[in-house]
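Worksheet: one structure, shown below.
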Amino acid sequence: MSGSGKAATRHFKNQRFTAVLLVPLVLWFVITIAMQSGASHDMMTAFLKDPVNAALMALFCLTGFAHFALGLEVVIDDYVTGKTLNGLCHFANKLFSFLGAAAAIAALVVIHF
């Protein structure tokens, strides 16, 4: 991320915020998967229809994709040379992250309704 130090500080803080937020969400996700081991499709659908579980899963997906995008930005800036290729990689990163998060939320909406 080129530019002012303020932008780099904001990026650093956002990345740390998503990392801290992911700690309890990953724990919840791992425990949930362990508890639902061997569950049928109908049982998992019922589990995700619960508003609390649906909200936690949505938060997990959104936070995970945001953290992924922030981390990949740093990798792109560090290793992709050339202004055009760098810009294309940043665009692809944002597009993939947005589409992944949107697909996860759309799946939860379909399950919920």
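List every residue pair whose Cβ atoms sit under 6 Å apart, with the two residues 6 or more apart in sequence or on different chains, where the first one lies in the stretch 5-23 and is in contact (Cβ under 8 Å) with a residue 12 or more places away in the chain and the second, anywhere, is acidic (D, E) and in a helix (DSSP H, G or I).
none
Is it true that some residue in the stretch 53-71 is outside any helix (DSSP H, G or I) and either under 15 Å from the mean Cα position of the chain (by Cα) or not aliphatic (A, V, I, L, M) (or both)?
Checked the stretch 53-71: no residue is outside any helix (DSSP H, G or I) and either under 15 Å from the mean Cα position of the chain (by Cα) or not aliphatic (A, V, I, L, M) (or both).
Condition check: in contact with a helix residue (DSSP H, G or I) (Cβ under 8 Å, 6 or more places away or on another chain) and β-branched (V, I, T). Does I31 satisfy that?
No, not satisfied.
Counting only residues that are part of a helix (DSSP H, G or I) and more than 26 Å from A104 (Cβ to Cβ), how many does the stretch 78-90 have?
Residues that pass the stated criteria total 7.
Of the residues F91, F98, F113, which is under 15 Å from the mean Cα position of the chain (by Cα) and not β-branched (V, I, T)?
Of F91, F98, F113, the one residue that is under 15 Å from the mean Cα position of the chain (by Cα) and not β-branched (V, I, T) is F98.
Go through N93, N86, N53 for me and flag whichever is more than 21 Å from R10 (Cα to Cα), surrounded by 12 or more Cβ atoms within 10 Å (Cβ to Cβ) and either of a type in the set (S, T, N, Q) or in contact with a strand residue (DSSP E or B) (Cβ under 8 Å, 6 or more places away or on another chain) (or both).
N53
Sort through T32, T9 and tell me the only one that's surrounded by 11 or more Cβ atoms within 10 Å (Cβ to Cβ), among the β-branched types (V, I, T) and assigned to a helix (DSSP H, G or I).
That would be T32, the only listed residue that is surrounded by 11 or more Cβ atoms within 10 Å (Cβ to Cβ), among the β-branched types (V, I, T) and assigned to a helix (DSSP H, G or I).
I'm trying to understand the selection: among the residues of the stretch 9-47, which are within 27 Å of N93 (Cβ to Cβ) and over 20 Å from the mean Cα position of the chain (by Cα)?
Once the filter is applied, which keeps residues that are within 27 Å of N93 (Cβ to Cβ) and over 20 Å from the mean Cα position of the chain (by Cα), the stretch 9-47 yields only T9.
Bear in mind that the values in this text are calculations on the coordinates, not laboratory data. What you see is a predicted model; the values in this text were computed from it and never measured. Heads up, the Cβs are rebuilt from the backbone with ideal geometry, glycines too, and the neighbour counts pull from every protein chain shown.
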